[in-house]
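Here the structure is laid out as structure tokens; the discussion comes afterwards.
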Amino acid sequence: MKLADGTILMHGDTPYDPVKAHEYYIRTRQLKGRHGGSPSFSVKTRSGRTVTLSTQELTEQRAYAAKRVTEIKAKLHLLEQKLREAMREAKKKKRDSEKPKTAAEKAQDARDAKQYRSKHRTKLAAKRKHERKTKRKSDPVSELEDKIANVKVRLHNAIAVQRALTSATKNN
């Protein structure tokens, strides 16, 4: 084959033959249809980013999210049972430790408390302020309530992840 400037187009060390090239193409062609590849899914994260997952990754993430939600729910249920038991014990202990006071004892306690408050006003104010800042509670009921609050936050987050995975949109 000759080019416009008169030179011969070479294929390797032999001249290019378009007829021979076409015959080779016809002999070796294999027509392939369109292949879309594996489907992918878009999942929005809580931070607003969009993550692309394959079908297998999506099913694995959904299974993991469902497992995590059930584990957290079980832990929450266990903590709530412990809280009910601790509250029952605390009420029982309080009821057993207190004996009914007479009217004279109640009046004397009230007078003593009023006198103490008037003498130690600044000390009590500082103590209340310090307690508000530290919020240290040593009784088991308040500790369980704090744990339950933390587990509820974790459960809320896990459910949000599970919903995001459930509402994944298919790309393609």
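Being under 30 Å from Leu76 (Cα atoms) and not in a loop (DSSP other than H, G, I, E, B) is the filter here; which residues of the stretch 126-145 pass it? Walk me through it before giving the result.
Within the stretch 126-145, the first condition is being under 30 Å from Leu76 (Cα atoms), and the residues that meet it are 131-145.
Glu131, Arg132, Lys133, Thr134, Pro140, Val141, Ser142, Glu143, Leu144, Glu145 - these are the residues of the stretch 126-145 that are under 30 Å from Leu76 (Cα atoms) and not in a loop (DSSP other than H, G, I, E, B).
So is Ala110 farther than 30 Å from Ile159 by Cβ and part of a helix (DSSP H, G or I) or not? Don't jump to the end; show me each part of the working.
On the way: farther than 30 Å from Ile159 by Cβ: yes; part of a helix (DSSP H, G or I): yes.
Criteria met by Ala110.
Give the stretch 44-59 a look and list any residue that's in contact (Cβ under 8 Å) with a residue 40 or more places away in the chain and more than 14 Å from the chain's Cα centre (by Cα), or say none. Lay out the reasoning, then the answer.
Quick first cut of the stretch 44-59, residues in contact (Cβ under 8 Å) with a residue 40 or more places away in the chain only: 44-46, 52-53, 58.
Thr52, Leu53, Leu58, listed by residue number.
I'm checking my understanding of the structure. Among residues of the stretch 1-60 that are closer than 30 Å to Ser167 by Cα and among the basic types (Lys, Arg), which one is surrounded by the fewest Cβ atoms within 10 Å (Cβ to Cβ)?
Among those that are closer than 30 Å to Ser167 by Cα and among the basic types (Lys, Arg), it is Arg34.
Let me spell it out: the conditions are (1) without any contact (Cβ under 8 Å) to a residue 12 or more places away in the chain; (2) closer than 30 Å to Leu165 by Cβ, and Ser118 meets all of them except one. Which number is the exception?
Result: Ser118 fails condition (2) only.
How many residues, within the stretch 86-96, are surrounded by 13 or more Cβ atoms within 10 Å (Cβ to Cβ) and modelled with pLDDT of 90 or more? Outline the logic, then answer.
Applying the first criterion (surrounded by 13 or more Cβ atoms within 10 Å (Cβ to Cβ)) to the stretch 86-96 yields 86-87, 90.
Adding the requirement that they be modelled with pLDDT of 90 or more leaves 86-87.
Adding up the residues that qualify gives 2.
Rundown of residues vs (1) at pLDDT 90 or above; (2) small (Gly, Ala, Ser), yes/no style:
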residue	(1), (2)
His77	yes, no
Glu80	yes, no
Ala110	yes, yes
Ser118	yes, yes
Ala125	no, yes
Lys133	no, no
Ser142	no, yes
Lys152	yes, no
Lys170	no, no
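Of the numbered conditions (1) in the same structural domain as Ile148 (by TED's automatic domain parsing); (2) touching a Pro at 6+ places or on another chain (Cβ under 8 Å), Leu9 fails exactly one; give the number of that condition.
Of the numbered conditions (1) in the same structural domain as Ile148 (by TED's automatic domain parsing); (2) touching a Pro at 6+ places or on another chain (Cβ under 8 Å), the odd one out for Leu9 is (1).
Within the stretch 104-115, does at least one residue satisfy the condition of being touching a helix residue (DSSP H, G or I) at 6+ places or on another chain (Cβ under 7 Å), without any contact (Cβ under 8 Å) to a residue 12 or more places away in the chain, of a type in the set (A, V, I, L, M) and not assigned by TED's automatic domain parsing to the domain that holds Lys44?
Just the residues of the stretch 104-115 that are touching a helix residue (DSSP H, G or I) at 6+ places or on another chain (Cβ under 7 Å), to begin with: none.
So far as the stretch 104-115 goes, no, none of its residues is touching a helix residue (DSSP H, G or I) at 6+ places or on another chain (Cβ under 7 Å), without any contact (Cβ under 8 Å) to a residue 12 or more places away in the chain, of a type in the set (A, V, I, L, M) and not assigned by TED's automatic domain parsing to the domain that holds Lys44.
Report, by residue number, each residue of the stretch 44-64 that is at pLDDT 90 or above and of a type in the set (A, V, I, L, M, F, W, C).
Scanning the stretch 44-64 gives Leu58, Ala63.
Taking the stated definitions as given, is Lys123 out of contact with any Asp or Glu (no Cβ under 8 Å at 6 or more places or on another chain), in a helix (DSSP H, G or I) and assigned by TED's automatic domain parsing to the domain that holds Thr45?
Details: out of contact with any Asp or Glu (no Cβ under 8 Å at 6 or more places or on another chain): yes; in a helix (DSSP H, G or I): yes; assigned by TED's automatic domain parsing to the domain that holds Thr45: no.
So Lys123 fails the test.
Each row is one residue, and each column tells you yes or no for (1) without any contact (Cβ under 8 Å) to a residue 40 or more places away in the chain; (2) part of a helix (DSSP H, G or I); (3) not polar (S, T, N, Q).
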| site | (1), (2), (3) |
| --- | --- |
| Ser42 | no, no, no |
| Lys73 | no, yes, yes |
| Ala90 | no, yes, yes |
| Asp96 | yes, yes, yes |
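The values are calculated or read from the model by the stated rules, or taken from the named source; none is laboratory data. Since we're looking at a predicted model, the values are computed, not measured. Note: ideal-geometry Cβ built from the backbone for every residue, glycine included; neighbour counts use all protein chains shown.
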